[in-house]
Amino acid sequence: MKKAEFKQPSALIISLIAFFAIASFGAYWTQSTNKSITNQQQSLLSGLSRTQASVLERRLSSAFTSAQILAYEVEQNGGNGEWFPTYANKLIESIGGIENLQLAPDGIISDIYPLKGNEDALGFNVISTPGFKEEAMLSIRNHQMFVIGPINLVQGGVAVISRAPIFLNKGTQKELFWGFASAVIYLDDLLESTQLKRLESEGYQYNLSRKHAATKKTITLSNSLTPLSDIQASTELILPVGTWTLKISKALDEQLDDRRVTGYAVSFIASLLLSIALYAILIQPLKLRTLVKEKTAELQTLANKDPLTGLPNRRFLQDNLPKILQSNQRYKKVSAFIYFDLDNFKRINDTIGHDVGDQVLIIVGDRLNKLKGISDLVARLGGDEFGIFLGGISNEIQIEEHANRILQSIHAPIKMDNREYILSTSLGIAVIPEHGDDLVSIMQNADMALYQAKLQGKNQFSFYNENMKVNTHNLIKAENDLSLALQRNEFEIYYQPQFDLYTNHIFGAEALIRWNHPEKGLIFPNDFIPLAESTGQIVELGYWILESSIAYLARRRIENRADILLHINLASRQLADPHLVILVQELLEKYQVPAHQIGFEITETSILEDVHLARNLLQTFKDMGICIAIDDFGTGYSSLSQLKNLPVNLLKIDRSFVMDLECDPDDRKIVEAIIAMAHKLNIKVLAEGIETREQWKMLANFKCDLGQGYYVSKAVTMDEFNNGKPITHHDS
């Protein structure tokens, strides 16, 4: 009896221990399983996000680049647009993904290709219209392309529009804003190139957004009807107009809650029934692990396989090709990567339908699969883009043979529904390791070669070569050198004397910057100022010149040298800086230099960019006592009506009128007229480029006040200028 009583408490204790142990283990396992499923879903979403973002990025980058190409063509043709329809047609056919291209001289749309269906957009002012003006003005000031949208077009449809500002005589003192070149992309067409709508029908959510260029507010371009859920993945699209963001999610809350309730219930029941619970607790982990493995396999397959063609996708390529490249590098094998898309494939989707387009892609994928060798890899990268990795090759001839087989295979007629379709493709080829040994550089180089093949007329292949990126490399290096030059104190101010034609007295100088490049030696402004202006570094460089010049005047006062008037050149971007006046005041206060000892030289073209702004700014400086000079007068858009309304102390006649003064009677008349006109307006005149005594005498006879030129001195260093000798003439 005692023995039985002993067993009952023992069994109860064991049962209680088993109950709590099994219940705790079941709760822990349920949470772990849910977390595992969540992680797998997150991994899938990341792959889908990257894949769809890649499709959008390439489509948008090509379309946006077309606006820059069009802007460049306008600049090369000096603003003449007679070539536009033909060139726009070729550009749209070459790049694809563009609804129409536009030219807007002075911001007013005057040319559209194709015009049919877009007539209502003619005459639309993209600068003055509310909602467009802020970004347009920001684009003009920064010399940068921008994008607007989503926007309801006046001619119908919802689109995003990239606009590239066009400047004639770009990078010179005659630079002039001409207008905008625009590329219009319908949002519906853009989304049709992706799988986003199909994913939405399968229960996924998405959101495509960008930042407003001026306000930095987030703008939603497109999104699913159902808002994003907590489990989501985000991929940034790096575009010429900035960074866009694509987010994809899928709601699992209901599924996870169901699994959590089920897990807890099973654990509780198993805990009550000791023998059954022990058995169940042993079986349950196995079931859960099997389920996780099955789900993992499903997700992995979906993430790495193109659902339409059955080919590996971009993610599979990104995950597996680096391992293959490492193996080939170890065994010194030669391989190649062919990057291509179908020429004018958009026409099939647009004219016949996406169902037919999908069938064409399936047939193309099947043909490519049949061409590949044992060591080859064929992948659909998105849309009509494919990539082929050739692993079993020994020379370039084999690559060419394979490329020709691809061209012939794609070109073979496709028969569907009693219709025949003829396709062509353009191939870009990068040889490995000659053209790169990592996935990023290989794909970039193959993409550059693909672009070259399209430029050469399509339906052909092109091998990558270094000349395709040498210009880009040189430009990037020059920009980096310029960025580092200020940090490394490589710039130096030179001073060119300015003198009175009647007293022979050197009254001042013009501050001119020089770059002491560590490799190229002394570089003059004409060789780096255009680069500084195009990259926006001209503002920082201009402020360095300003402070260095004022600091030099302070040093002269400390050394008890005679006061001079130092003229400093201001760039047009500095005139647009709202902090310029405050900065000048702070520098004059910091170095204790009187305002009348400095002068600002501004070109006519920089004033005309915003006459009202320039007039108010220059008047403020003149009221401070600063000398205001118009530089290179006569070479820009000289206007007496503007000149008489500007607060100007000094006109500088451009050296082009002075150099032939002795032999060109027209130049003499122009110079004499400028001097007389300026004096009537109580403005003094300084002639640049005086190189001979005869020029000096003639200018003096014309009543010119001041001069500057090699006859007295070229621009010299600070020490040379400080030790300069008085002017002496050697008249015969």
Might you check whether a residue that is within 27 Å of ILE513 (Cα to Cα) and either touching a residue at least 60 places away in the same chain (Cβ under 8 Å) or open to solvent by 50 Å² or more (accessible area, probe 1.4 Å) (or both) occurs anywhere in segment 668-685? yes
Tell me yes or no: at least one residue of segment 462-473 is open to solvent by less than 80 Å² (accessible area, probe 1.4 Å), modelled with pLDDT under 80, within 18 Å of LEU342 (Cα to Cα) and outside any helix (DSSP H, G or I). no
State whether the residues of segment 123-142 include one that is closer than 30 Å to SER46 by Cβ, under 18 Å from the mean Cα position of the chain (by Cα) and of a type in the set (A, V, I, L, M). no
Among residues of segment 511-557, those that are of a type in the set (S, T, N, Q) and in contact with a Gly (Cβ under 8 Å, 6 or more places away or on another chain), counted: 1
Could you tell me whether any residue of segment 567-585 is open to solvent by 30 Å² or more (accessible area, probe 1.4 Å), in contact with a Cys (Cβ under 8 Å, 6 or more places away or on another chain) and in the same structural domain as ILE683 (by the TED database)? no
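How about segment 166-180: which of its residues are assigned to a strand (DSSP E or B) and touching a Gly at 6+ places or on another chain (Cβ under 8 Å)? Break it down into steps so the answer makes sense when it comes.
We begin by selecting, within segment 166-180, every residue assigned to a strand (DSSP E or B); these are 166-168, 176-180.
Result: ILE166, LEU168, TRP178, GLY179, PHE180.
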Determine whether segment 430-438 contains at least one residue that is in a strand (DSSP E or B), of a type in the set (Gly, Ala, Ser) and surrounded by 15 or more Cβ atoms within 10 Å (Cβ to Cβ). yes
Give me a count of the residues in segment 586-618 that are under 37 Å from the mean Cα position of the chain (by Cα), surrounded by fewer than 16 Cβ atoms within 10 Å (Cβ to Cβ) and in a loop (DSSP other than H, G, I, E, B). 0
So, GLY157, is that one closer than 26 Å to ASN89 by Cβ and modelled with pLDDT under 80 or not? yes
What number of residues within segment 132-191 are open to solvent by less than 40 Å² (accessible area, probe 1.4 Å), of a type in the set (S, T, N, Q) and within 15 Å of GLY242 (Cβ to Cβ)? 2
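Give segment 686-699 a look and list any residue that's touching a residue at least 12 places away in the same chain (Cβ under 8 Å) and either open to solvent by 40 Å² or more (accessible area, probe 1.4 Å) or under 45 Å from the mean Cα position of the chain (by Cα) (or both), or say none.
Residues of segment 686-699 touching a residue at least 12 places away in the same chain (Cβ under 8 Å): 686-696, 698-699.
Hits for segment 686-699 are LEU686, ALA687, GLU688, GLY689, ILE690, GLU691, THR692, ARG693, GLU694.
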Suppose the filter is closer than 23 Å to ASN169 by Cα, in contact (Cβ under 8 Å) with a residue 40 or more places away in the chain and open to solvent by less than 40 Å² (accessible area, probe 1.4 Å); does ALA532 pass it? yes
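Is it true that ALA63 is touching a residue at least 24 places away in the same chain (Cβ under 8 Å), out of contact with any Lys or Arg (no Cβ under 6 Å at 6 or more places or on another chain), within 15 Å of TYR451 (Cβ to Cβ) and crowded, with 18+ Cβ neighbours inside 10 Å?
Details: touching a residue at least 24 places away in the same chain (Cβ under 8 Å): yes; out of contact with any Lys or Arg (no Cβ under 6 Å at 6 or more places or on another chain): yes; within 15 Å of TYR451 (Cβ to Cβ): yes; crowded, with 18+ Cβ neighbours inside 10 Å: yes.
Yes.
Only one residue in ILE670, ILE607, ILE598, ILE630 is among the hydrophobic types (A, V, I, L, M, F, W, C) and farther than 21 Å from LYS174 by Cβ. Which one? Quick ask: steps written out before the conclusion?
Working: ILE670 fails: farther than 21 Å from LYS174 by Cβ; ILE607 fails: farther than 21 Å from LYS174 by Cβ; ILE630 fails: farther than 21 Å from LYS174 by Cβ.
Residue meeting the stated conditions: ILE598.
Being at pLDDT 85 or above, more than 10 Å from TYR464 (Cα to Cα) and of a type in the set (Val, Ile, Thr) is true for just one of ILE422, ILE406. Which residue is that? Full working, then the answer.
Numbers: ILE422 fails: at pLDDT 85 or above.
The unique qualifying residue is ILE406.
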Yes/no for LYS293 being under 28 Å from ARG59 (Cβ atoms), open to solvent by 90 Å² or more (accessible area, probe 1.4 Å) and either of a type in the set (Asp, Glu) or at pLDDT 65 or above (or both): no
Given the structure, is GLU519 assigned to a loop (DSSP other than H, G, I, E, B), outside the structural domain of ASP632 (by the TED database) and more than 17 Å from MET718 (Cα to Cα)? yes
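Of all helices (runs of 4 or more DSSP H) completely enclosed by segment 619-732, which ones contain at least 1 residues that are within 25 Å of ILE493 (Cβ to Cβ)? Spell out the reasoning first.
Values: elements: 640-643, 655-658, 665-680, 693-701, 718-722.
The helices (runs of 4 or more DSSP H) meeting that bar are 655-658, 718-722.
Quick one: which residue in ASP417, ASP366 is over 35 Å from the mean Cα position of the chain (by Cα) and at pLDDT 85 or above? Give the steps one after another, and end with the answer.
Values: ASP417 fails: at pLDDT 85 or above.
Exactly one residue qualifies, and that residue is ASP366.
Taking the residues in segment 303-342 that are hydroxyl-bearing (Ser, Thr, Tyr) and open to solvent by less than 60 Å² (accessible area, probe 1.4 Å) as candidates, determine which candidate is farthest from the chain's Cα centre (by Cα).
We begin by selecting, within segment 303-342, every residue hydroxyl-bearing (Ser, Thr, Tyr); these are 309, 327, 331, 335, 339.
Adding the requirement that they be open to solvent by less than 60 Å² (accessible area, probe 1.4 Å) leaves 309, 327, 335, 339.
On the way: THR309: 33, SER327: 35, SER335: 32, TYR339: 23 Å.
Selected residue: SER327.
The values are calculated or read from the model by the stated rules, or taken from the named source; none is laboratory data. The shown structure was predicted, so the numbers you read here are calculated from the model rather than taken from an experiment. Note: ideal-geometry Cβ built from the backbone for every residue, glycine included; neighbour counts use all protein chains shown. SASA here: full protein model, heavy atoms, side chains in, ligands and nucleic acids out. Shrake-Rupley method; radii C 1.70, N 1.55, O 1.52, S 1.80 Å.
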